[in-house]
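Participant: There's a structure below that I have some questions on.
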Amino acid sequence: MLSNKLQKELNNQMNNEFFAEYEYLSMAAYFHAGNLDGIANYFHVQAQEEHFHAMKIFHFILDKGGKVELQQIAKPDVDFASPVAVFEKALAHEQKVTKSINDLMDEAIKENDHAVNSFLKWYVDEQVEEEASASKALGKMQIIGGKGEGLLMMDQEFAGRSFTAPAE
Ligand code: OFO
């Protein structure tokens, strides 16, 4: 059984992940509109990952006999100042998610809920990768100043990214 608090926080985290999916779709739309379909693809893959993260929590809550409570998904940003600003926002977003996963983990430890603790370890590790890849992408975007031939090269590089569901 999940405590009421953990059930609520897991449902909130699931909502954070669905919101992240929305945010990344919005970023994908921005790059499509700028004819940079390869960079848009990078964000589509990111959105697919977030959907996977949300659904993993969805099934975990059910497996624990808890109640899945879907909530309203907030409207993501739809206007961005520049390609660099998008990648800055993506990194800031991942840092925020890391904090919310850590808070959730703190609660699982406090309640001695070993199952939730074990489940969340996957997210702790995943956030290390998420932040590293967001940081690297931002770094590249900053090097090229978000424009010119460098942007087209990034577009080509990111066109090759694809989603593979991680092992459960
Ligand atoms: Fe779900 O990792 Fe990004 O937000």
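The values are calculated or read from the model by the stated rules, or taken from the named source; none is laboratory data. Source: prediction; values computed, not measured. Positions of Cβ are backbone-derived with ideal geometry, glycine not excepted, and every protein chain shown enters the neighbour counts. Just so you know, the surface numbers come from the protein's heavy atoms only, side chains and all, with ligands and any DNA or RNA stripped out. Shrake-Rupley method; radii C 1.70, N 1.55, O 1.52, S 1.80 Å.
Participant: Take VAL116 and tell me if it is part of a helix (DSSP H, G or I), within 12 Å of the ligand (Cβ to nearest atom) and either open to solvent by less than 70 Å² (accessible area, probe 1.4 Å) or in contact with a helix residue (DSSP H, G or I) (Cβ under 9 Å, 6 or more places away or on another chain) (or both).
Facilitator: no
Participant: Let me ask something else. Give the residue, chosen from ALA108, ALA85, that is away from the ligand (no atom under 13 Å from the Cβ), modelled with pLDDT of 95 or more, closer than 19 Å to GLN7 by Cβ and of a type in the set (Gly, Ala, Ser).
Facilitator: Residue meeting the stated conditions: ALA108.
Participant: For the stretch 37-75, enumerate the residues that are touching an Asp or Glu at 6+ places or on another chain (Cβ under 6 Å) and open to solvent by less than 20 Å² (accessible area, probe 1.4 Å).
Facilitator: GLY38, ILE39, ALA47, GLU50, HIS53, ALA54
Participant: Of these, LYS96, LYS140, LYS136, which one is open to solvent by 60 Å² or more (accessible area, probe 1.4 Å), away from the ligand (no atom under 16 Å from the Cβ) and in a helix (DSSP H, G or I)?
Facilitator: None of the others qualify; the one that does is LYS140.
Participant: List every residue pair whose Cβ atoms lie under 7 Å apart, where the two residues are 6 or more positions apart in sequence or sit on different chains, the first residue falls within the stretch 80-103 and is without any contact (Cβ under 8 Å) to a residue 40 or more places away in the chain, and the second residue, located anywhere, is open to solvent by 40 Å² or more (accessible area, probe 1.4 Å) and away from the ligand (no atom under 15 Å from the Cβ).
Facilitator: Listed by first residue and then by second, the contacts come to nothing, as the list is empty.
Participant: What do you reckon, is ASP103 closer than 30 Å to LYS147 by Cβ, charged (D, E, K, R) and over 14 Å from the mean Cα position of the chain (by Cα)?
Facilitator: No; evaluated as a whole, the condition is false for this residue.
Participant: Please work out which one of (1) in a helix (DSSP H, G or I); (2) of a type outside the set (S, T, N, Q); (3) open to solvent by 50 Å² or more (accessible area, probe 1.4 Å) is the condition MET154 fails and give its number.
Facilitator: Failed condition: (3).
Participant: On the basis of being hydrophobic (A, V, I, L, M, F, W, C) and open to solvent by 10 Å² or more (accessible area, probe 1.4 Å), does ALA81 make the cut?
Facilitator: yes
Participant: Tally the residues that are of a type outside the set (A, V, I, L, M, F, W, C) and open to solvent by 70 Å² or more (accessible area, probe 1.4 Å), restricting the search to the stretch 104-113.
Facilitator: Number satisfying all stated conditions: 3.
Participant: Across the stretch 1-26, what is the number of residues that are open to solvent by less than 10 Å² (accessible area, probe 1.4 Å), under 16 Å from the mean Cα position of the chain (by Cα) and away from the ligand (no atom under 12 Å from the Cβ)?
Facilitator: 2
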